[in-house]
1. How about the stretch 413-442: which of its residues are touching a residue at least 60 places away in the same chain (Cβ under 8 Å), loosely packed, with under 15 Cβ neighbours inside 10 Å, of a type in the set (D, E, K, R) and part of a loop (DSSP other than H, G, I, E, B)?
2. Go through LEU272, LEU292, LEU285, LEU307 for me and flag whichever is of a type outside the set (Gly, Ala, Ser), touching a helix residue (DSSP H, G or I) at 6+ places or on another chain (Cβ under 9 Å) and under 24 Å from PHE97 (Cα atoms).
3. Considering only residues that are out of contact with any Leu (no Cβ under 9 Å at 6 or more places or on another chain), modelled with pLDDT under 90 and of a type outside the set (Gly, Ala, Ser), look in the stretch 377-403 and name the one that is surrounded by the most Cβ atoms within 10 Å (Cβ to Cβ).
4. What single numbered condition from (1) modelled with pLDDT of 90 or more; (2) open to solvent by less than 60 Å² (accessible area, probe 1.4 Å); (3) touching a Phe, Trp or Tyr at 6+ places or on another chain (Cβ under 9 Å) fails to hold for LEU369?
5. Could you run through the stretch 56-75 and say how many residues are open to solvent by less than 10 Å² (accessible area, probe 1.4 Å) and either basic (Lys, Arg) or over 24 Å from LEU400 (Cβ atoms) (or both)?
6. All but one of (1) without any contact (Cβ under 8 Å) to a residue 60 or more places away in the chain; (2) assigned to a helix (DSSP H, G or I); (3) of a type outside the set (A, V, I, L, M) hold for ASN314; state the number of the condition that does not hold.
Amino acid sequence: MADSDPPAPTGAAAWFPYGKNDETGWRFDVITLLAVIGESSVAVHAQTMTVSTLCLLPRIIPAPQALLRPVRPQRLPEVTAKMAGVYGGVVLDTVGFFANIMHPLEELKPFAFKVLEIKHKDPRAVHGWTPPATVKQRRERFAWLRGLVGRANKDKGKEEMEILPRTTRDRDGNGGNGGRHVTFEETAATLPNGSQDIEMGSAAAATSTGTEGPGGEGLKLRTVSRRPTFSEIIANPATMVNKQERYAVPPAVWSPLHVVSVVSFVFTIGLLVAAGIWEDGAAILAIVLISLASTVTCYASYWRPLLMHRPTTNQVPPGDVVIRTREGAFVLIRCREEVARELYSGTEECQYVSTTYHRVFMGLGMVLLMVAVVLLGNCNWNSQAFIGGTYIFLNGVYWLMGLVPPRYFWDLSRYDVKDITPEDAKDAHIQTNQDPREGAPSFTRTLWFAIRETRHVAWVERSGAMPGTDQWKKWLAEAKDAAWKSDRTWQAVTRKNEIMREGLDAPSSPTSTTEVGIGAAAERRSSSAQTPRPDPAEQVAPLTAIQPLARTATGGL
């Protein structure tokens, strides 16, 4: 060591670099770039990542600055398509985020046609409540455990929605039902409107409105709290609340992002242990600070997606909707109004946990990140190699996750989706026979398929699926008659061509003559003006095309 070099430190100070490092050999000063490279891959999953409780795990994340957003999105990204309610009259230019996950519109071929039935798997799963396992199911599941601990007749932590009859004999303890609780299914069968009120989740309304069972018995809703499961805590604790509130869509428990979060947390622990073994204090501080930065920034963006819900239980028409894409494909969704309000006509909103100080958390995360980047450049050779390899691995993993379909990141088990497309309409996007008109895929044929299944035509005009000319109105009236007569073989394309040809071939008629008098003299002149023929341009369908939205950042969804 030269005389001008400072003496080597001892003790804890020896864990940190000192003096100038001018040694020859491999250098990893570029490791600070690896920590911030890969922003595009992380930005794609930024908002999906922060919807889970696991986002709060302290861990290293490639390009954590992707989470430092000055403005948080308040709405989920939507897909451009024309959507019209068959019975409700609603017309929108976009389709909701979660609806597009269940039936991706971008996967539809031009002029394709689908009929989907979407409903809640559990009829009571409305108004923001997902029913847990019943008492009987939990007793069967944990019977072996209770047998070991001698608790065969006890069941702590149970939660079951029960409809209990309230009568004078019940209050006296005689039990008009022999002490037996009335189930949802039995009570629904005795209600005036059948099981519809129960299916709409109006058990609480039954209490408030005085709904009565057999013999004038009032219906009472009783709930007992239970402990949340581990998977529920990871997914979204808010969905476990048994209240009349909007439902929050949780992430999938085995979401790829959950797996990557746990793996990166394990890698972070491994980096800390290795840095301690190598006595690299700069690496320890850098890893701790960059892990805390990820936790702070994720908490600032921690949120849950809320769906719209129906606050009332009035009788309403079905919530069927028809979706038309830019390529001329049609999708008919058969559902109740509750499902339509949640997925289609309603709006999804982002409810953030931090509503006041999120900018403070963003600033703190930025400071921690900058200090951590400086410390990363002062780690020893082994630590820089280990940290660099970890960032390269995680960058590749986040890039690969961009290839995974969105349905694997969200838990949409609340809904049951069935494809009920009729056999004679499944191949609307391909040539079905040798007929050049009825057998070839076309907008008119697919539009007829949609009219044939809905048996209504008001949505066609409201959504701009066809022009409002006399020729198209005549064709639409005939299509409606054929649909109501269940004439599935009606020649829609052929009839449209005939009607359009009739308008073009119609002779023009002269206008009536007029008399113009000036003073005592009068002149009679015949007008040569003719009634104009229909303009072929105004007959082109659809009347309203789908306009793409401006390409903006989707917030990582």
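1. Those that are touching a residue at least 60 places away in the same chain (Cβ under 8 Å), loosely packed, with under 15 Cβ neighbours inside 10 Å, of a type in the set (D, E, K, R) and part of a loop (DSSP other than H, G, I, E, B): none in the stretch 413-442.
2. Working: LEU272 fails: under 24 Å from PHE97 (Cα atoms); LEU292 fails: under 24 Å from PHE97 (Cα atoms); LEU285 fails: under 24 Å from PHE97 (Cα atoms).
Result: LEU307 is the single residue among LEU272, LEU292, LEU285, LEU307 that is of a type outside the set (Gly, Ala, Ser), touching a helix residue (DSSP H, G or I) at 6+ places or on another chain (Cβ under 9 Å) and under 24 Å from PHE97 (Cα atoms).
3. This residue is CYS379.
4. Failed condition: (3).
5. Summing the residues that are open to solvent by less than 10 Å² (accessible area, probe 1.4 Å) and either basic (Lys, Arg) or over 24 Å from LEU400 (Cβ atoms) (or both) in the stretch 56-75 gives 1.
6. Of everything listed in (1) without any contact (Cβ under 8 Å) to a residue 60 or more places away in the chain; (2) assigned to a helix (DSSP H, G or I); (3) of a type outside the set (A, V, I, L, M), ASN314 misses just condition (2).
Per-residue answers, yes or no, for (1) surrounded by 20 or more Cβ atoms within 10 Å (Cβ to Cβ); (2) at pLDDT 90 or above:
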{"residue": "ALA252", "(1), (2)": "no, yes"}
{"residue": "PRO256", "(1), (2)": "no, yes"}
{"residue": "VAL259", "(1), (2)": "no, yes"}
{"residue": "ALA275", "(1), (2)": "yes, yes"}
{"residue": "GLU279", "(1), (2)": "no, yes"}
{"residue": "ILE284", "(1), (2)": "yes, yes"}
{"residue": "SER294", "(1), (2)": "yes, yes"}
{"residue": "THR297", "(1), (2)": "yes, yes"}
{"residue": "HIS309", "(1), (2)": "no, no"}
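The values are calculated or read from the model by the stated rules, or taken from the named source; none is laboratory data. Computed from a predicted model, the values in this text were never measured in an experiment. Note: ideal-geometry Cβ built from the backbone for every residue, glycine included; neighbour counts use all protein chains shown. Only protein heavy atoms, including side chains, enter the accessible area calculation; ligands, DNA and RNA are left aside. Shrake-Rupley method; radii C 1.70, N 1.55, O 1.52, S 1.80 Å.
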